[in-house]
Amino acid sequence: DQQVKQNSPSLSVQEGRISILNCDYTNSMFDYFLWYKKYPAEGPTFLISISSIKDKNEDGRFTVFLNKSAKHLSLHIVPSQPGDSAVYFCAASSTGGTSYGKLTFGQGTILTVHP
Amino acid sequence: DVKVTQSSRYLVKRTGEKVFLECVQDMDHENMFWYRQDPGLGLRLIYFSYDVKMKEKGDIPEGYSVSREKKERFSLILESASTNQTSMYLCASSIIAGGYYEQYFGPGTRLTVT
């Protein structure tokens, strides 16, 4: 039962254009969401997060949008750069109770930014 | 600077061998996690620990065990390695403070079981 889904295995974008990566979740208890970026042969690194009390969070070229009613979030990268080429993972957490900060990850989306 | 280290980057083991994967963090984090990453499946949680000697099963614990004798060290054990345990293994640690849930990851261990 995949509670966090990234339905696009890959995305190809031209340098300077916008990249939009999507993520859907099914568990209504999730209230904190994160995006991670992973280069080959390296561990994932944290990119940006959003709490369910917000619908948008921005950090430089990266913006995450959250639509709670649709159980959908997206990561926008503007403008895209070749160095952004990596695998992007969406992750979700339930902050209540004894979650211990467990994260549930999506399958990942391979982003390729062409010069 | 935050640091999570894993004992090996690449490991090749034979079917039936006992395998130890070590993870060390220097951030004094309470929580530590072991994941495996497989193409098309993302990161799946194997086990996690929220304190020394405390552990809980994740989503795919079968065939694995863990040990946390010291706060900074979390070990993943494959009691009898099998070919379907060939994967990338990732360790992470985190602290929950002020609603901040970021996990910090090590570089990963690529394990091949032949």
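A few notes on this one:
- Checked against (1) open to solvent by 10 Å² or more (accessible area, probe 1.4 Å); (2) modelled with pLDDT of 95 or more; (3) within 14 Å of chain B (Cβ to nearest Cβ), A:R61 passes all but condition (3).
For (1) more than 10 Å from the chain's Cα centre (by Cα); (2) within 24 Å of B:C91 (Cα to Cα), each residue gets a yes or a no:
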| position | (1), (2) |
| --- | --- |
| A:Q6 | no, yes |
| A:G16 | yes, no |
| A:S19 | yes, no |
| A:G43 | yes, yes |
| A:I53 | yes, no |
| A:V64 | no, no |
| A:I77 | yes, no |
| A:S80 | yes, no |
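- Wholly enclosed strands (runs of 3 or more DSSP E) of region B:1-97 bearing at least 1 residues touching a Phe, Trp or Tyr at 6+ places or on another chain (Cβ under 9 Å) and within 12 Å of chain A (Cβ to nearest Cβ): B:4-6, B:19-25, B:31-38, B:42-51, B:54-57, B:87-94
- Here region A:1-57 is the region considered, the condition is being among the charged types (D, E, K, R), loosely packed, with under 15 Cβ neighbours inside 10 Å and more than 17 Å from B:L43 (Cα to Cα), and the residue that is nearest to the other protein chains (Cβ to nearest Cβ) is A:K54.
- Matching residues, region A:64-104, being within 14 Å of chain B (Cβ to nearest Cβ), touching a residue at least 12 places away in the same chain (Cβ under 8 Å) and either open to solvent by 10 Å² or more (accessible area, probe 1.4 Å) or among the aliphatic types (A, V, I, L, M) (or both): A:V64, A:A86, A:V87, A:A91, A:A92, A:S94, A:T95, A:G96, A:L103, A:T104
- Of all positions in region B:51-61, at least one carries a residue that is of a type in the set (G, A, S), in contact with a strand residue (DSSP E or B) (Cβ under 8 Å, 6 or more places away or on another chain) and open to solvent by 10 Å² or more (accessible area, probe 1.4 Å).
The values are calculated or read from the model by the stated rules, or taken from the named source; none is laboratory data. Everything numeric in this text was worked out from a predicted model, so none of it was measured. For neighbour counting, all protein chains shown are included, and Cβ atoms are generated from backbone atoms with ideal geometry for every residue, glycine included. Only protein heavy atoms, including side chains, enter the accessible area calculation; ligands, DNA and RNA are left aside. Shrake-Rupley method; radii C 1.70, N 1.55, O 1.52, S 1.80 Å.
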